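Peer 1: Okay, here's the structure, questions in a sec.
The values are calculated or read from the model by the stated rules, or taken from the named source; none is laboratory data. Predicted model only: the values in this text are computed from it and were never measured. Note: ideal-geometry Cβ built from the backbone for every residue, glycine included; neighbour counts use all protein chains shown. Keep in mind that these areas ignore ligands, DNA and RNA; they rest on the heavy atoms of the full protein, side chains included. Shrake-Rupley method; radii C 1.70, N 1.55, O 1.52, S 1.80 Å.
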Amino acid sequence: MNYGKENAAKQAAKLTGRKKKKRHSAGLAVIRIFLICFVSVIIAGGLFAFLYAKNLIDELPDVATIDISPTGYMSTVYDASGNEIETLASSGANRTYVTLDEIPDDLENAFIAIEDSRFLEHNGIDIQGIVRAAFTGIANGFHFSQGASTITQQLLKNNYFTTWTSEDTIFDSINRKIQEQYLAVELEKITPKSEILENYLNSINLGQNTLGVEAAAERYFNKDVSDLTLSECAVIAGITQNPSKYNPITHPEDNAQRRTKVLNNMLSQGLITQSAYDEAVADTDVYDRISVLNTELSTSTTSYFVDALTDEVVQDLQDRLGYTESEAYSLLYSGGLSIYSTQDSSIQSIAEEEINNTENYNGNEKISFSYRLTLNKTDGTTANYSDTTMLSYYQASNSSYTLEFDSEEEAAAAIDEYKAAIMEDGDEIAGETVTYTLQPQAAMTIMDQSTGQVVAMVGGRGDKTAAKTLNRATGITRQPGSTFKVIACYAAALDAGGMTLASVEDDHPTTYADGTSLQNYDKSYRGYTNIRTAITHSINVVTVEVMGDIGTSLGFQYAKQLGITTLTDGDNNQALALGGITKGVTNLDLTTAYATIANGGEYNSPIFYTTVVDHQGNIILDNRENTPTRVLKETTAWLLTDAMKDVMTSGTGKVANFDGMAVAGKSGTTTKNRDTVFAGYTPYYTAVIWGGYDDNTPQSYTKYSKVIWKAVMSRIHEGLEYKDFTQPADIVAVPVCAKSGKLAISGVCDCDPRGSQVYTEYFEKGTEPTEYCDKHYLGNVCTETHMFANSECPYRSGVFIIGGSAGTDDEQYSVDAATFGQYCPIHGGYQLPNTGSVGTAPAGTTEVQDATTTTDTTTPTTDTGQ
C-alpha cells in the first residue's frame, strides 16, 4: 500500500510539473510577443521619425548659402489716415556691429556661462542640455520651462528662421526645431565658433530697444563695449533671458540676482579667477552708474502716443499669440511690422501744442530737475549723489526747502552750491547729469468713445528727446479727486442703488464713519440737497452719504467695471467716493471710465491700433472689432451726462465749457491742490487731463487743467456738426421739489423763502416719484420754540423746512422734526391754523409729463443762497 501511495504521489508531481511548464511557456510566449510588438513599434516609430525629419531636412537649403549675420527690418507706424508717423529700429538706430576682437573676453564668457556652457565643446546641439531640460520638465509636471537651445540654435532662430513668430501650432514649432537643430550641426561643420559667437552677440535683444552688445553698452553704461568691466558684462549678459524682467533700469533687483548667477557660473566653469569674481561682486555701485545715465540716453525718439502703442503691441503679441516678451520686442523692432494706429495726427498736434503752451499756466511755472553725480574719491572708492541726497542736505537746515526753481539758472546755482559742500580736496567728477523738467507737469488722453480708439495722448510737458521716457498718461497713478464721484458713487447709485438725480441727502457738518472730519471744498453746507446739485457743485458730504446708503461694495464694483484697474481691496471704504484710493488711477483708466458713460454705458477697451501687419503682409493682430460690454443702463449713462452738462453751464466746470457742441464734464482736485483733473466729453470725444508736480508739491493755481481742456476740445471740434447726447426713450420729465426729491406741492414748494424749489427732473421711466414733498411745511411757527404757534406766540408765517440741520442753509428756515405737529407749550391763546398738509397732494397737482413732449426742457439748479 505504501509503495502504491508513493507511486501515486510521483505521478501527481509529474502532472503538476507539466502544468507549470506549460504555464511558464505560455508566459514566455506572451512576453516574447510583447517585446516583438514593442520593438516593432519602436522601429516603426523611429523609421517614421527618421523619414519625417528627413523630409523636413530635405526642404532646407544648402547651409553654405545661409546668411547668419544679423539683419532686421524697421517697423513703421501709421496714423489713422495712413500717414507714416514713426519708424521703430530704423537702420543704425538700435544696432552697432562690432567684431569679436572688440568684445571683451569677459563679455563673451558671460554669455557662454549663462546661455550655453558647452558652446565650445558641442557640435551645434547640446544633448546633455536637452536631456536635462527634458527630465526637469517631467519632474515639474510636464512644464518644460528650461530651454536647451544652444547659442548656434538661437542665432539661426533669430537670423534665419525669421518667420518663427508666425507659428500657429506646436507642430510648427517642432518642425522648426528639427530643422534648426540640423542646421546648427551643419553650420558648425563649416563655420568657426568665433564667427557664430560674433554674430550672436550682435543680434541678441538686450532690452530698452537695443539689439547687440555694443548698443547695450552704450545704452546702459555710456561706453564702448570694449571698455566694459566684468561686473558690467555680467549685468548685460543677465538681461538676455527676459529683457523686461531683467532690465537693469526698471528692475535692478531682478537683474542683480541674474548678474550674481552669471558670475557664479563663470567662476564654477573656470572662466574667471576668484579675485576677479570677488572684485565684480563687490561692485555694488554698478546700478547707480546705470541710473546716472538713464535720464540722458536713448536709441530713438518717439511720441508718448507711440510709446503707449508699442507697449500695447508687445503685450498683445504675448497675450494673443503666445510670444515671450523677448520675442515680442524682437519682432517689434526688427520684424518689419506695419502698425496702423488710431492716432489722429491733427488732434495729437493740438493736444501737444496746448499742453506745452506756457500761457495756459497763468505764469505759474517752475523748474525741477533730476540730478546724478559720481565722484572718484582719493582712496580709490566712488561716491554717488542725486537730487534726493541734495534735497536732504538742504532740508537739514530748512525743512520747507523744495527743488522747484524759477529758472534753470537758479537750479544750477543750487547744484553748484551743493557740490561745493560735499566735494573734498582731490575728488574727481566721474559722471554728472542734470535733466531739467518743467513743473507743473500734465498728461492728457483723448478717445473716441464709440470705438475705444485713443486718438491722441500726451504724457508730459517739454520736448520729448528720448524713447520710453516717463509717460504720465499711462505710467504713473495719481489721485483723481472729485472726478471719481461719478465713477465710484453716482453711477452705482443711479444704476443699481435705487436712487435718482432727485434723491436728497442732508448736506451738513458731519464725519466719516471712523470719526474723521468731512467737509465740502467751500466749507459751506446747503442742507437738503439732491444728487444733481451735488454733482453740479461737487458736494463731498452728499457724495459720502449716498455711498453710505448704497454700500461701498456696490460703488467699488462699478468703479472696476468702468475700467479702473488700480483698485485694491483696501479701497472698499467711504473715501472711495471722493477718489481717495490707495494707488490712485492712471489718466488712461479715468478716460476709459468716462468714455463708457459717454458711450451710453457700454465699455470699450482702450486701443491704440487697428491692425498690425507682418513683413509678409499678413495681419497678425486685429483690433477692428472692439466688442463693447454693457456696464451701465443707457438711461443711467444719459442721466449722469445730463447732470454733468449742468457742471459745465452752472457748476465747477464753467471755465472748461465751450460753445457749438453739447459738453458734459466733472472737475477734481486733491488735498492741498496737489492734483488738478478735468474729465469730460462731447458726443464725439472723451478727454481727461491731469496736472501736478512730479514730486507732489502743493499748487497755488489749478484752473489750468480746465483752461487746457477747453483749448484742446474747442479746437478739435471746429468744423464738426453740432450734436447733443441722444436721449433714450425710457426717460420721463417730472416737476419735483429740490428739497425732498418728491412731487412738488403747489403753493408750498414754490413758496420757499429762498425762492421756488420746484424744478423739472429727468427719471428713468418707473423710478419717478409718486409721493409728495415731505420736507416743506406751510404754517405758523413760534420763533422761540420753533413749534406750531398759538395766538399769543411771537410767530412767523410762511413755508418752513422740516428738520433742517444746524450749520446749514436750511437752519434759519427750519422747524424741529422731533416736535413737528406739537404746539408751543409756553405761550397761551388758541392754536393758529396750519394750512400746510405735509406729504399729501393738494387738488390740481401737476401730472407727470413725458420728456419727449414737454416744452420746458431746462433743468434749473436750486438756488443755494451762496
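Peer 1: For segment 231-252, what are the residues that are at pLDDT 95 or above and part of a helix (DSSP H, G or I)?
Peer 2: 231, 232, 233, 234, 235, 236, 237
Peer 1: Now a separate question. Could you list, in sequence order, all residues of segment 548-575 that are part of a helix (DSSP H, G or I) and in contact (Cβ under 8 Å) with a residue 40 or more places away in the chain?
Peer 2: Taking segment 548-575 as the starting set, the residues that turn out to be part of a helix (DSSP H, G or I) are 548-550, 552-561, 569-571, 574-575.
Scanning segment 548-575 gives 549, 550, 554, 555, 556, 557, 558, 559, 561, 574, 575.
Peer 1: Exactly one condition in (1) modelled with pLDDT of 85 or more; (2) open to solvent by less than 10 Å² (accessible area, probe 1.4 Å) is false for residue 183; which is it?
Peer 2: Checking residue 183 against (1) modelled with pLDDT of 85 or more; (2) open to solvent by less than 10 Å² (accessible area, probe 1.4 Å), the one that fails is (1).
Peer 1: Would you confirm whether or not segment 744-766 contains a residue that is assigned to a loop (DSSP other than H, G, I, E, B), open to solvent by 50 Å² or more (accessible area, probe 1.4 Å), out of contact with any helix residue (DSSP H, G or I) (no Cβ under 9 Å at 6 or more places or on another chain) and at pLDDT 95 or above? Give the derivation first.
Peer 2: So in segment 744-766, the residues assigned to a loop (DSSP other than H, G, I, E, B) come out as 744-748, 752-757, 765-766.
Filter once more, so that each one left must be open to solvent by 50 Å² or more (accessible area, probe 1.4 Å): 746, 753, 756, 765-766.
Cutting the leftovers down to out of contact with any helix residue (DSSP H, G or I) (no Cβ under 9 Å at 6 or more places or on another chain) gives us 746, 766.
Retained after the next criterion (residues that are at pLDDT 95 or above): 766.
Checking segment 744-766: at least one residue is assigned to a loop (DSSP other than H, G, I, E, B), open to solvent by 50 Å² or more (accessible area, probe 1.4 Å), out of contact with any helix residue (DSSP H, G or I) (no Cβ under 9 Å at 6 or more places or on another chain) and at pLDDT 95 or above.
Peer 1: For a quick check of your reading of the model, give me the residue pairs whose first member lies in segment 671-686 and is more than 11 Å from residue 480 (Cβ to Cβ) and in a strand (DSSP E or B), whose second is of a type in the set (A, V, I, L, M, F, W, C) and open to solvent by 10 Å² or more (accessible area, probe 1.4 Å), with beta-carbon atoms closer than 6 Å and at least 6 apart or on different chains.
Peer 2: Within 6 Å, the pairs are 681/598; 686/598.
Peer 1: Listed residues 724, 694, 774; which is assigned to a loop (DSSP other than H, G, I, E, B), open to solvent by 20 Å² or more (accessible area, probe 1.4 Å) and under 30 Å from residue 479 (Cβ atoms)? Working first, answer last.
Peer 2: Details: 724 fails: under 30 Å from residue 479 (Cβ atoms); 774 fails: under 30 Å from residue 479 (Cβ atoms).
Exactly one of 724, 694, 774 is assigned to a loop (DSSP other than H, G, I, E, B), open to solvent by 20 Å² or more (accessible area, probe 1.4 Å) and under 30 Å from residue 479 (Cβ atoms), namely 694.
Peer 1: I would also like to ask the following. Search segment 451-464 for residues being in a loop (DSSP other than H, G, I, E, B), farther than 14 Å from residue 610 by Cβ and small (Gly, Ala, Ser), and hand back the single one that is most open to solvent (accessible area, probe 1.4 Å).
Peer 2: Start the filter on segment 451-464 by keeping residues that are in a loop (DSSP other than H, G, I, E, B), which leaves 451-452, 459-464.
Restricting the remaining residues to those that are farther than 14 Å from residue 610 by Cβ gives 459-464.
Next, only the ones that are small (Gly, Ala, Ser) stay: 459-460, 462.
Details: 459: 0, 460: 2, 462: 30 Å².
Residue satisfying both the conditions and the ranking: 462.
Peer 1: With the requirement that a residue be aliphatic (A, V, I, L, M) and open to solvent by less than 40 Å² (accessible area, probe 1.4 Å), what does segment 360-397 give you?
Peer 2: Of all residues in segment 360-397, those aliphatic (A, V, I, L, M) come to 367, 373, 375, 383, 390-391, 396.
Answer for segment 360-397, where residues must be aliphatic (A, V, I, L, M) and open to solvent by less than 40 Å² (accessible area, probe 1.4 Å): 367, 373, 375, 383, 390.
Peer 1: Go through segment 714-737 and give me each residue that's closer than 25 Å to residue 656 by Cβ, touching a residue at least 60 places away in the same chain (Cβ under 8 Å) and of a type in the set (A, V, I, L, M). Outline the logic, then answer.
Peer 2: If we filter segment 714-737 for residues that are closer than 25 Å to residue 656 by Cβ, which is where we start, we get 714-727.
Adding the requirement that they be touching a residue at least 60 places away in the same chain (Cβ under 8 Å) leaves 715-716, 722-727.
Result: 716, single match.
Peer 1: Also: If I filter segment 639-660 down to residues being charged (D, E, K, R) and assigned to a helix (DSSP H, G or I), which single residue comes out as most open to solvent (accessible area, probe 1.4 Å)? I'd like the intermediate steps shown before the answer.
Peer 2: Taking segment 639-660 and keeping what is charged (D, E, K, R), we get 642, 645-646, 654, 659.
Next cut, assigned to a helix (DSSP H, G or I) only: 642, 645-646, 654.
Values: 642: 16, 645: 53, 646: 16, 654: 116 Å².
Filtering segment 639-660 for residues that are charged (D, E, K, R) and assigned to a helix (DSSP H, G or I), the one most open to solvent (accessible area, probe 1.4 Å) comes out as 654.
Peer 1: Evaluate the following for residue 492: is it crowded, with 24+ Cβ neighbours inside 10 Å, out of contact with any strand residue (DSSP E or B) (no Cβ under 8 Å at 6 or more places or on another chain) and either free of Cβ contacts under 8 Å to residues at least 24 places away in the same chain or at negative phi (or both)?
Peer 2: Working: crowded, with 24+ Cβ neighbours inside 10 Å: yes; out of contact with any strand residue (DSSP E or B) (no Cβ under 8 Å at 6 or more places or on another chain): yes; either free of Cβ contacts under 8 Å to residues at least 24 places away in the same chain or at negative phi (or both): yes.
Yes: the conditions hold for residue 492.
Peer 1: Another question, if that's okay. Just to check your reading of the model, which residue among 586, 610 is among the β-branched types (Val, Ile, Thr), touching a residue at least 60 places away in the same chain (Cβ under 8 Å), open to solvent by 10 Å² or more (accessible area, probe 1.4 Å) and within 24 Å of residue 460 (Cα to Cα)?
Peer 2: Numbers: 610 fails: within 24 Å of residue 460 (Cα to Cα).
Being among the β-branched types (Val, Ile, Thr), touching a residue at least 60 places away in the same chain (Cβ under 8 Å), open to solvent by 10 Å² or more (accessible area, probe 1.4 Å) and within 24 Å of residue 460 (Cα to Cα) holds for just one of 586, 610, which is 586.
Peer 1: Evaluate segment 319-327: report whether one residue or more is among the small types (Gly, Ala, Ser) and more than 24 Å from residue 159 (Cα to Cα). Explain how you work it out, then say what you get.
Peer 2: Keep residues of segment 319-327 that are among the small types (Gly, Ala, Ser), which gives 322, 326.
Now drop any that are not more than 24 Å from residue 159 (Cα to Cα), which leaves none.
No, the conditions are met nowhere in segment 319-327.
Peer 1: What about residue 805, is it open to solvent by 10 Å² or more (accessible area, probe 1.4 Å), assigned to a loop (DSSP other than H, G, I, E, B), under 30 Å from residue 523 (Cβ atoms) and of a type in the set (S, T, N, Q)? Outline the logic, then answer.
Peer 2: Working: open to solvent by 10 Å² or more (accessible area, probe 1.4 Å): yes; assigned to a loop (DSSP other than H, G, I, E, B): yes; under 30 Å from residue 523 (Cβ atoms): yes; of a type in the set (S, T, N, Q): yes.
Against the criterion (open to solvent by 10 Å² or more (accessible area, probe 1.4 Å), assigned to a loop (DSSP other than H, G, I, E, B), under 30 Å from residue 523 (Cβ atoms) and of a type in the set (S, T, N, Q)), residue 805 qualifies.
Peer 1: For residues that are farther than 17 Å from residue 161 by Cβ, open to solvent by 20 Å² or more (accessible area, probe 1.4 Å), assigned to a helix (DSSP H, G or I) and touching a Leu at 6+ places or on another chain (Cβ under 9 Å), tally how many sit in segment 186-214.
Peer 2: Going through segment 186-214 one residue at a time, the tally reaches 4.
Peer 1: In addition: Show the residue pairs meeting these rules: Cβ distance below 8 Å; 6+ apart or different chains; first residue within segment 231-251 and without any contact (Cβ under 8 Å) to a residue 12 or more places away in the chain; second residue of a type outside the set (Val, Ile, Thr).
Peer 2: 250/244; 251/244; 251/245
Peer 1: So, one more: Out of all the residues in segment 633-662, which are of a type outside the set (Gly, Ala, Ser), touching a Lys or Arg at 6+ places or on another chain (Cβ under 7 Å) and within 20 Å of residue 731 (Cα to Cα)?
Peer 2: Across segment 633-662, the qualifying residues are 644, 646.
Peer 1: Do you know which residues across segment 112-143 are at positive phi and either at pLDDT 70 or above or open to solvent by less than 90 Å² (accessible area, probe 1.4 Å) (or both)? It would help to see each step written out before you state the result.
Peer 2: Of all residues in segment 112-143, those at positive phi come to 124, 141-142.
Passing the criteria: 124, 141.
Peer 1: Filter segment 613-633 down to the residues that are charged (D, E, K, R), under 30 Å from residue 554 (Cβ atoms) and open to solvent by 80 Å² or more (accessible area, probe 1.4 Å) and list them by number.
Peer 2: Taking segment 613-633 first, the residues charged (D, E, K, R) are 614, 622, 624-625, 630, 633.
Still in the running and under 30 Å from residue 554 (Cβ atoms): 630, 633.
Of everything in segment 613-633, just one residue is charged (D, E, K, R), under 30 Å from residue 554 (Cβ atoms) and open to solvent by 80 Å² or more (accessible area, probe 1.4 Å), namely 630.
Peer 1: Of the conditions (1) within 32 Å of the chain's Cα centre (by Cα); (2) at pLDDT 95 or above, residue 700 fails just one. Which one is it?
Peer 2: Here residue 700 clears every test but (2).
Peer 1: Pull up segment 398-450, narrow it to residues that are over 27 Å from residue 303 (Cβ atoms) and of a type in the set (Ser, Thr, Tyr), then point me to the one that is most open to solvent (accessible area, probe 1.4 Å).
Peer 2: The extreme case among them is 399.
Peer 1: Separate question: Check segment 469-477 and report whether any residue there is of a type in the set (Gly, Ala, Ser), in contact (Cβ under 8 Å) with a residue 40 or more places away in the chain, in contact with a helix residue (DSSP H, G or I) (Cβ under 7 Å, 6 or more places away or on another chain) and open to solvent by less than 20 Å² (accessible area, probe 1.4 Å).
Peer 2: The answer is yes, given that some residue of segment 469-477 is of a type in the set (Gly, Ala, Ser), in contact (Cβ under 8 Å) with a residue 40 or more places away in the chain, in contact with a helix residue (DSSP H, G or I) (Cβ under 7 Å, 6 or more places away or on another chain) and open to solvent by less than 20 Å² (accessible area, probe 1.4 Å).
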